[in-house]
Amino acid sequence: MVASVVASALALVVAVSPQVPAGQAPRRGPAAPTPEVRLSPDARLGLGLGLGLTGGLTLGTGIGLVLRDRHVYRVFTPAPDNAAYVSAVNATHTGTAMIGAGLGLGASALTAGLGARDRALWGELAGGGTLAIVGVAWYVTEWQRVQKMLHDGGKSDAALDLSPLRREGAAAMFLGAGVGLAFGAGVALLTRYLLARRQLRPGRATLTGAPFGAGLVARF
């Protein structure tokens with residue numbers, strides 16, 4: 001059994017190692033870059049539809065959340081008996097974030113479906129990440145003001161400024177759009193990378209003989 005395991009391991013190592021002709025020294029150099037893969041029309045259509053359907057479901061769910069509590073969201077309720085209003089604010093801003101994510105996924109689905117080059121997808125990935133970072137910074141700033149207003153607003157005769165609520169919703173949409181755009185572009189790039197590796201090194205397995213048993217040779 002030990003001899004069979006050793007023979008199988010040696011066969012696997014030999015199979016995955018580069019073959020060097022006899023009398024020639026092995027040459028070491030940088031690995032060849034993975035070529036850009038151009039997907040077939042069917043693959044582009046499938047990738048675009050997958051991302052587009054995900055974006056559509058996210059967009060529809062976000063619109064439903066925004067519309068569900070719109071009658072509560074419009075009328076400010078001061079503390080302490082404003083649990084329903086706080087819940088409506090959280091649900092509405094979650095919905096706006098999902099609307100942004102759906103739009104971002106839709107943009108990446110359009111780019112992937114049209115067969116854009118990798119450079120365009122990398123640009124979308126970078127742009128989505130930047131948009132998400134800006135959205136997070138903006139949302140955190142407005143969230144502090146909104147929380148103060150929800151817990152302290154209405155306790156004095158001063159007029160309430162509801163603009164932080166609207167700005168927090170806009171920041172949530174920016175954040176969602178950045179995440180959706182970066183996620184969709186990342187999925188498209190990962191799909192192309194996996195297809196490129198599959199074309200360069202197609203996987204296969206064969207059964208080889210050994211002095212003390214059999215060895216399974218796999219190439220990936």
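The residues in region 88-121 that are of a type outside the set (D, E, K, R) and part of a loop (DSSP other than H, G, I, E, B) can be counted, and the count is 3.
Set side by side, the residues Glu142, Glu124 differ, and just one is open to solvent by less than 30 Å² (accessible area, probe 1.4 Å) and part of a helix (DSSP H, G or I), which is Glu142. Which one is surrounded by the fewest Cβ atoms within 10 Å (Cβ to Cβ), of the residues in region 88-115 that are touching a helix residue (DSSP H, G or I) at 6+ places or on another chain (Cβ under 7 Å) and polar (S, T, N, Q)? Filtering first and then ranking leaves Thr94.
Which members of region 56-87 meet the condition of being of a type in the set (Gly, Ala, Ser), surrounded by fewer than 18 Cβ atoms within 10 Å (Cβ to Cβ) and part of a helix (DSSP H, G or I)? Across region 56-87, the qualifying residues are Gly56, Gly60, Gly64, Ala83, Ala84, Ser87.
The values are calculated or read from the model by the stated rules, or taken from the named source; none is laboratory data. Only a predicted model underlies this, so the values are computations on that prediction, with no experimental measurement involved. Note that each Cβ is placed from the backbone with ideal geometry, even for glycine, and that neighbours are counted across all protein chains shown. Keep in mind that these areas ignore ligands, DNA and RNA; they rest on the heavy atoms of the full protein, side chains included. Shrake-Rupley method; radii C 1.70, N 1.55, O 1.52, S 1.80 Å.
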